[in-house]
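The values are calculated or read from the model by the stated rules, or taken from the named source; none is laboratory data. Given the structure is predicted, the values throughout are model-derived calculations rather than measurements. Backbone-built Cβ (ideal geometry, glycine too); neighbour counts: all protein chains shown. These area figures cover heavy atoms from the full protein model, side chains too; ligands, DNA and RNA do not enter into them. Shrake-Rupley method; radii C 1.70, N 1.55, O 1.52, S 1.80 Å.
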Amino acid sequence: SSPPQIIRVQSPDGVKRITATKRETVATFLKKVAKEFGFRNNGFSIYTNRNRTGEITASQNKSLSLLKIKHGDMLFLYPSSPAGTSSETMDTSVSQNLRPVGAPQVVEDEIDQYLIKQDGKIYRNRDQQLCHHSPLGKCVHCVPLEPFDEDYLNHLEPPVKHMSFHAYIRKLTGGADKGKFVALENISCKIKSGCEGHPPWPEGICTKCQPSAITLNRQKYRHVDNIMFENHTIADRFLDFWRKTGNQHLGYLYGRYTEHKDIPLGIRAEVAAIYEPPQIGTQNSLEILDDPKAEVVDEIAAKLGLRKVGWIFTDLVSEDTRKGTVRYSRNKDTYYLSAEECITAGYFQNQQPNICRLSPDGHFGSKFVTVVATGGPDNQVHFEGYQVSNQCMALVRDECLLPCRDAPELGYAKESSSEQYVPDVFYKDIDKFGNEITQLARPLPVEYLIIDITTTFPKDPVYTFSISQNPFPIENRDVLGETQDFHSLATYLSQNTSSIFLDIISDFHLLLFLVTNEVMPLRDSISLLLEAVRTKNEELAQTWKKSEQWATIEQLCSTVGVQISGLQDYGAMGGSTHTASAAMWACQHCTYMNQPGTDHCEMCSLPRT
C-alpha cells in the first residue's frame, strides 16, 4: 500500500488537512472533503489554482497521482452559489471574508464592497539601472508595494499623511494570521452597565465597568481621501448668499462615494448638490434650526442616487470690496477648525456612521466630511476639507468634550461629576527641552482631532443636474427675497424654453419644491420623474409630463400672471391645458381653486382680481 499523504484544502472558513493516498481516486477524495467540510457532494467545487482554474471533478476516473497532486499541495474550495447569485466568497483579498465572532451581518456601502475585491497593490515598472533579472522576474526594486507603504505615500506629490481606510484594513489583515483576530472596536467613554458588585456611580465604580483612559493620537488613516465638487456652479450659487448679505451660511452636501485612484484603495466624496436648511446667520455666527423637511430631502436624494456626504459652511470676511479679496484668517498661527466646529463635525459624523463588517457594533468611523469656505493665502475664497478622528467622535458622542469660550483653537475635556463619569483624556507634546511629555487634555489643542482632506474641482465639469442661466431659487433664502412658490416656478418655466423637458426639470431645488410645497406636494407621485432624472431618460420624463399632476402644476402656474410659452402642448394625457386653466381660477389671496363662473372666492370670499 502507498504511504498516506496530506492534502491541504483552503475554503472561506479556513484550511483543513485531508489524508489520502496516491492511488486514491478523485471521487473518493472528494467524498472525504465533503465529509470534512460538511457539504453535500455537489455543494462545492475544488480547483488547483486560486483563480478558479484547473477544476477537479468526480467524473475524472483518475487517481490523485495522475493529476499530479502530491503531499503538501494546496487546493482551493469554493462553495456553490445559491440560484441566481454569483459566488465571490474567495478573492485575491483575504480580508473580505473576515468578520469578528458575534459581529452582526451588515451590508456595506457599494464603494466598500468594490474596494474589498480590488488587489490594491502598487505595481512598479522594471528599473533599467537596478533590475538585473529577466523580464519576467521581480526584485526589491520592482516588486509590487502594499497599499499602506508609508515611503510610497510620503513621496507622492503632494505627500499623503493618512493612508486610506481600506489600505489600513489590508495592513491589519496582512500578517501571518491574516487578520483572524482583527476587530475594529469603537471607543466608549461611558461606564459599562450591569456591574452588580457595587452601588452605581457616583457611589461606586470598579475596574470592570470603568472606561479606560484615552491618549489622543493623530489618526493614521482616513475614511475619505478626496472631496470633489462636480462643477463650479454648485459652489458659486452657495457663495452667492454671503456675497449678497455678508452673513455666514451653511449647507448639506449631497452626492456619492466613488473610487479615488490617486491614492491606493482611496475613496472620493463627489458633491452633486447643496441643500440649505433653515438657519440664522450673522457675520460671525451660525445657528441651525429644526428642519421639518430633512427626512423628505434624504428620501428624494436617495431616489436620485444621492446621499448626504457632508456639510459646508462659510467663514468669510471681506478685505477689499474693490478687488474682491477676503481675509486669510485660518492658518497655522490661528486654527483650521475651532473646537466648536470639531464638536459639530463629530455630532454629524456620529449621525452618519460608516457600516463596517470588521466591527462588533457593525459600524466604525464615518465617511461624513466637513468643508469650510474661507480665505486662502492669496486672499481668494478656498474650500478646505476635514474630518474629525474616531477618538473625537467618541468624546462628542459621550458628551466629554467642550469648547473654550476665549480660545477657539482649544477644547476642554470635562471633569467627572456626580451625574457623569468622564475618563482621563491625555495628549502627547514636546516640552522646551525636546522631551516627549504627556499632558492632561484640559485644555486640548484641537489639531489632535483633525484630519485634513484635499478638496478639488474637476478639469472637465460633471453635471448630475442641468445648469440654467436663470436657475430656480434655492430653498430657505427668504431673507434675500428669493422665495420658492408657484410664481417663481412659473417665471423659471417661462425663462427656460428648452425643447428637452428633462433639461428643464432636472434641478435639485426644483424637484424638492415639487415634493415639499404646501399647495400640491407630489411626494407620492414623483418617483417616475426622479427615476428619469437619475437615469437621464427623456422618454420617462415626457411620460411623467403627460400626467395629471404636471397638468395641475401648469394650471397653478398659469394663474399667477406669468405666461408660460411652449409648455401648454403637453397636458394631462397629452391634451392641451388651456381649457382646464380657463375652467377654474385660483384666488390671488389664498390660492384656492374656484369653480368657473364665480366672481368671489369660495374660501375667503374676496373678489376675483
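Some observations on this one:
- Within the stretch 208-246, the residues that satisfy the criterion of being surrounded by fewer than 19 Cβ atoms within 10 Å (Cβ to Cβ) and without any contact (Cβ under 8 Å) to a residue 60 or more places away in the chain are Lys208, Lys220, Asp236, Asp240, Arg243.
- Residues in the stretch 472-497 that are under 27 Å from the mean Cα position of the chain (by Cα) and open to solvent by 30 Å² or more (accessible area, probe 1.4 Å): Asn476 only.
- Inside the stretch 195-230, residues that are hydrophobic (A, V, I, L, M, F, W, C), closer than 30 Å to Arg477 by Cβ and outside any loop (DSSP other than H, G, I, E, B) make up a count of 3.
- Selection from the stretch 290-339 of residues that are charged (D, E, K, R) and open to solvent by less than 50 Å² (accessible area, probe 1.4 Å): Asp291, Lys308, Asp315, Asp320, Arg330
- Taking the conditions (1) open to solvent by less than 10 Å² (accessible area, probe 1.4 Å); (2) among the hydrophobic types (A, V, I, L, M, F, W, C); (3) not in a strand (DSSP E or B) in turn, Ala373 satisfies each one other than (3).
- Criterion: in a loop (DSSP other than H, G, I, E, B), in contact with a Leu (Cβ under 8 Å, 6 or more places away or on another chain) and among the aromatic types (Phe, Trp, Tyr) - qualifying residue of Phe433, Phe472, Phe465: Phe472
- Residue within the stretch 376-399 that is under 30 Å from Ile526 (Cβ atoms) and either touching an Asp or Glu at 6+ places or on another chain (Cβ under 8 Å) or open to solvent by less than 10 Å² (accessible area, probe 1.4 Å) (or both) present: no
- Boolean, Gly566 is surrounded by 11 or more Cβ atoms within 10 Å (Cβ to Cβ), modelled with pLDDT under 80 and more than 20 Å from Ser488 (Cβ to Cβ): no
- The condition (being basic (Lys, Arg), open to solvent by 40 Å² or more (accessible area, probe 1.4 Å) and at pLDDT below 80) is satisfied by just one residue among Lys31, Lys62, Lys16, Lys70: Lys62.
- Spans of helices (runs of 4 or more DSSP H) in the stretch 498-539 with at least 1 residues touching a Pro at 6+ places or on another chain (Cβ under 8 Å): 508-516
- Among the residues of the stretch 257-275, those identified as buried (at least 19 other Cβ atoms within 10 Å of the Cβ) and not β-branched (Val, Ile, Thr) are Tyr257, His260, Pro264, Leu265, Gly266, Arg268, Ala269, Glu270, Ala272, Ala273, Tyr275.
- Qualifying residue in the stretch 349-359 (condition: within 23 Å of the chain's Cα centre (by Cα) and free of Cβ contacts under 8 Å to residues at least 12 places away in the same chain): no
- Scanning the stretch 34-53 for residues that are surrounded by fewer than 13 Cβ atoms within 10 Å (Cβ to Cβ) and free of Cβ contacts under 8 Å to residues at least 24 places away in the same chain yields a count of 6.
- Test for Gly310: is it touching a residue at least 40 places away in the same chain (Cβ under 8 Å), touching a His at 6+ places or on another chain (Cβ under 6 Å) and assigned to a strand (DSSP E or B): no
- Where Ser389 falls short, out of the listed (1) polar (S, T, N, Q); (2) within 20 Å of Arg222 (Cα to Cα); (3) in contact with a helix residue (DSSP H, G or I) (Cβ under 7 Å, 6 or more places away or on another chain): (3)
- Residues of the stretch 231-265 that turn out to be basic (Lys, Arg), in a helix (DSSP H, G or I) and in contact with a Leu (Cβ under 7 Å, 6 or more places away or on another chain), as a count: 1
- Within the stretch 423-441, considering residues that are free of Cβ contacts under 8 Å to residues at least 40 places away in the same chain and under 34 Å from the mean Cα position of the chain (by Cα), the one nearest to Arg218 (Cα to Cα): Asp429
- Selection count, the stretch 528-556, where residues are surrounded by 15 or more Cβ atoms within 10 Å (Cβ to Cβ) and of a type in the set (Ser, Thr, Tyr): 2
- Unmet requirement for Ser525, which otherwise passes all of (1) at pLDDT 80 or above; (2) more than 23 Å from Lys293 (Cβ to Cβ); (3) surrounded by 13 or more Cβ atoms within 10 Å (Cβ to Cβ): (2)
- Test: residue in the stretch 406-421 that is over 23 Å from Ile312 (Cα atoms), touching a helix residue (DSSP H, G or I) at 6+ places or on another chain (Cβ under 9 Å) and either assigned to a strand (DSSP E or B) or modelled with pLDDT under 90 (or both): yes
- Members of the stretch 340-352 that are open to solvent by less than 60 Å² (accessible area, probe 1.4 Å) and not polar (S, T, N, Q): Glu341, Cys342, Ile343, Ala345, Gly346, Phe348
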